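The values are calculated or read from the model by the stated rules, or taken from the named source; none is laboratory data. Given the structure is predicted, the values throughout are model-derived calculations rather than measurements. Methodologically, a virtual Cβ is constructed for each residue, glycine included, from the backbone with ideal geometry; neighbour enumeration extends over all protein chains shown.
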Amino acid sequence: MNVDIYPEKAQYRTKETITIIIETENSKESDWLDQKAVLSVTHLGKCIWEELVQIGRERTIYHSKGIDTDFGGYGVYLTLQNKDKSITAHTSFDVVEKSSRSIRYGFLSDFDTKDGKDQKDVEFLRKFHINMVQYYDWSYRHDKLVSEEQSVYTDMMGRRVDMDTVRKKIAACRKFGMKSLGYGAVYAASKEYFQQHKEESLYTSAGDPLVFIDIFHIMNVSAGSTWRQHIISEYENAVRLAGFDGIHMDTYGFPKTAFAYQKEKLIHLEDEYKGLIEETKAALEHKNQTSHLIFNNVGNWPVSTVADAPQDALYIEVWEPNSTYAHIKQIILDAKKAGRESKPVILAAYLAPFRLEEEGRAESAACLLTAAIISNGAYHLLLGEERGVLTQGYYVDHSTMSASTCNKLRGFYDFLVQYMELFYDEELQDVSMTHMGWDNTEYHCQSGKWSVDAKPDTVWLTIREKEKRKLISMVNLCGNEETKWNLGKEKPAFQKNIIFQVQIDYPVAGIYEISPDRNQAKAKELPFEMIHTDRGLAIRFTVSELEYLTCVWIDF
């Protein structure tokens with residue numbers, strides 16, 4: 001019998017009632033049904049409640065009281081026992097005070113009338129705990145987001161859009177605890193708009209109007225410009241008339257500099273975006289106090305000037321020359337240091353192997369990239385629609401994953417939510433490059449090939465710590481001589497019995513091993529040996545196995 005278990009909502013708020021849905025297939029095996037099963041909830045490996053639940057035919061709904069926390073991830077395990085056989089199903093959920101504290105970003109891009117007949121795409125995203133959704137290319141025109149005259153229209157790329165479908169998706173997302181953000185490029189206008197407002201456009205140093213793919217004219221977003229006020233009013237209309245919870249402010253990565261009309265002024269775009277975000281946020285909050293904003297830093301630019309702007313996350317679209325896993329890590333580290341206030345870091349890193357290579361290599365690339373991003377405390381925009389995966393910048397041309405790849409990746413998303421207090425702890429500082437190797441004996445890997453900078457054919461170690469906790473993440477690059485994240489990968493060579501030695505300053509409360517690759521992400525407490533070194537006390541322990549990602553955390 002097949003059992004699927006998942007939370008009703010993608011994310012729960014503090015003290016909100018928790019609802020878990022249990023679905024069973026193959027009801028011919030009736031001896032498994034209409035009986036009691038054990039439902040347990042864990043927090044950082046410890047069981048916090050356990051109950052017997054009655055499993056019905058096809059669907060069971062379980063309700064529990066809310067949890068009084070502002071930031072917590074929880075594992076859910078359902079165990080059915082029948083004679084000498086047992087079935088265990090696993091999921092997770094999180095509880096936050098603010099939805100923007102933990103953002104799992106996804107996308108929707110199909111809004112024709114037929115796409116509104118069911119909400120399987122939204123239900124798919126819900127099972128991956130996607131709590132914020134970008135509605136890509138939903139608008140009537142980039143310079144007129146909502147058409148008050150036409151509810152069904154053809155957009156600027158020739159695609160049919162039904163606004164009733166858009167609103168149905170927004171309603172479905174809201175029901176499942178997900179926020180909906182309408183895509184809106186900050187400076188794209190139609191040719192018709194440009195012809196009527198040439199003074200609002202940006203121009204090259206040769207005096208030519210700037211145009212993207214011969215369709216979108218690039219307009220002047222500088223402070224005080226007419227276009228800036230126009231696009232902000234269009235964002236307001238998207239929230240007010242379409243019902244979005246906020247706006248995804250897109251850019252194309254160029255121009256970096258451009259001239260105003262008749263070359264009267266050279267505009268440095270990186271100096272204009274922060275003010276644009278601030279004015280947009282103020283306008284939206286005037287209409288709706290809970291409006292959300294995400295701004296696209298294409299190619300990791302210009303993060304430094306917008307990091308402190310009032311947006312929900314630092315969102316970075318990753319392109320060449322940021323091609324390796326080491327680049328992925330550096331982008332995340334730099335983004336975290338960019339602003340005074342900590343924000344979630346989201347990487348839009350599109351995986352071309354799902355379009356260009358066979359799925360086994362694409363699946364391995366997805367698992368390794370997800371592991372790399374999780375280990376460094378960031379989030380990944382990759383999934384959308386129903387089993388959709390992004391392979392390029394035009395989301396409409398996404399690829400579709402197999403059911404088996406979906407199941408594999410779903411385990412990673414369950415894992416990152418269940419243990420989000422480890423991966424997304426703002427106090428944990430990366431010490432990988434300073435505490436391991438050469439004369440640095442704070443951490444020592446005593447077996448196997450390892451690196452802290454994602455070298456080929458090694459176990460890539462990321463070490464983060466604070467006063468009373470240490471976190472060691474192991475990403476398995478063994479068997480792969482290529483560390484470019486956007487190329488297909490072989491399934492890593494399985495690693496076993498990796499021995500670590502770690503210096504300590506406090507008594508150890510516990511050492512725990514976790515992985516999304518096996519045993520429904522249950523935490524396994526590790527035995528350890530206390531040793532006396534010439535630099536003080538240390539502990540030695542063994543990590544049993546590593547497929548794609550295994551993590552160890554130490555509490556003191």
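Which of the numbered conditions does Glu341 fail, given that it passes all the others? Conditions: (1) at pLDDT 95 or above; (2) farther than 22 Å from Gly388 by Cα; (3) more than 17 Å from the chain's Cα centre (by Cα).
Among (1) at pLDDT 95 or above; (2) farther than 22 Å from Gly388 by Cα; (3) more than 17 Å from the chain's Cα centre (by Cα), the lone unmet condition for Glu341 is (1).
Out of the residues in the range 406-436 that are surrounded by fewer than 20 Cβ atoms within 10 Å (Cβ to Cβ) and among the polar types (S, T, N, Q), which is nearest to Arg518 (Cα to Cα)?
Asn407
Would you point out the residue of the range 249-300, among those that are assigned to a loop (DSSP other than H, G, I, E, B) and out of contact with any strand residue (DSSP E or B) (no Cβ under 9 Å at 6 or more places or on another chain), that is nearest to Gln195 (Cα to Cα)?
Of everything passing the filter in the range 249-300, Glu264 is nearest to Gln195 (Cα to Cα).
Within the range 172-228, can you find the residues that are within 22 Å of Phe111 (Cα to Cα), of a type outside the set (Val, Ile, Thr) and more than 29 Å from the chain's Cα centre (by Cα)?
Those that are within 22 Å of Phe111 (Cα to Cα), of a type outside the set (Val, Ile, Thr) and more than 29 Å from the chain's Cα centre (by Cα): Ala189, Ser190.
Scan the range 100-126 residue by residue and report those that are farther than 14 Å from Ile346 by Cβ and surrounded by 19 or more Cβ atoms within 10 Å (Cβ to Cβ).
Passing the criteria: Leu108, Ser109, Asp110, Phe111, Asp115, Gln119, Asp121, Val122, Phe124, Leu125, Arg126.
Can you tell me which residue among Ala326, Ala372, Ala366, Ala362 is over 22 Å from Phe415 (Cα atoms), small (Gly, Ala, Ser) and outside any loop (DSSP other than H, G, I, E, B)?
Exactly one of Ala326, Ala372, Ala366, Ala362 is over 22 Å from Phe415 (Cα atoms), small (Gly, Ala, Ser) and outside any loop (DSSP other than H, G, I, E, B), namely Ala326.
Is it the case that the range 58-70 has a residue that's under 30 Å from the mean Cα position of the chain (by Cα), more than 23 Å from Asp425 (Cα to Cα), at pLDDT 95 or above and not in a strand (DSSP E or B)?
No, that holds for no residue.
For the range 431-442, does any single residue satisfy the condition of being under 12 Å from Gly377 (Cα atoms) and of a type in the set (A, V, I, L, M, F, W, C)?
Scanning the range 431-442, I find no residue that is under 12 Å from Gly377 (Cα atoms) and of a type in the set (A, V, I, L, M, F, W, C), so the answer is no.
I need every pair where a residue in the range 4-26 that is over 22 Å from Ile103 (Cβ atoms) has its Cβ under 8 Å from the Cβ of a residue that is assigned to a loop (DSSP other than H, G, I, E, B) and of a type in the set (Gly, Ala, Ser), sequence separation at least 6 or different chains.
Pairs that qualify, where the first residue is over 22 Å from Ile103 (Cβ atoms) and the partner is assigned to a loop (DSSP other than H, G, I, E, B) and of a type in the set (Gly, Ala, Ser), are Thr17/Gly66; Thr24/Gly56.
Look at the range 456-514 and say how many of its residues are free of Cβ contacts under 8 Å to residues at least 40 places away in the same chain and among the small types (Gly, Ala, Ser).
Result for the range 456-514: 2.
For the range 140-226, list the strands (runs of 3 or more DSSP E) that sit wholly inside it and hold at least 1 residues that are in contact with a His (Cβ under 9 Å, 6 or more places away or on another chain) and within 28 Å of Thr257 (Cβ to Cβ); which are they?
Those strands (runs of 3 or more DSSP E) span 179-185, 216-218.
Please verify whether the range 515-522 includes one or more residues that are of a type in the set (D, E, K, R) and surrounded by fewer than 17 Cβ atoms within 10 Å (Cβ to Cβ).
Checked the range 515-522: at least one residue is of a type in the set (D, E, K, R) and surrounded by fewer than 17 Cβ atoms within 10 Å (Cβ to Cβ).
Of all residues in the range 347-392 being in contact (Cβ under 8 Å) with a residue 60 or more places away in the chain and charged (D, E, K, R), which is surrounded by the most Cβ atoms within 10 Å (Cβ to Cβ)?
Ranking the qualifying residues of the range 347-392, first place goes to Glu385.
For the range 438-463, which positions are over 20 Å from Leu369 (Cα atoms) and either part of a loop (DSSP other than H, G, I, E, B) or touching a Phe, Trp or Tyr at 6+ places or on another chain (Cβ under 9 Å) (or both)?
Within the range 438-463, Trp438, Asp439, Thr441, Glu442, Tyr443, His444, Cys445, Gln446, Ser447, Gly448 meet the criteria.
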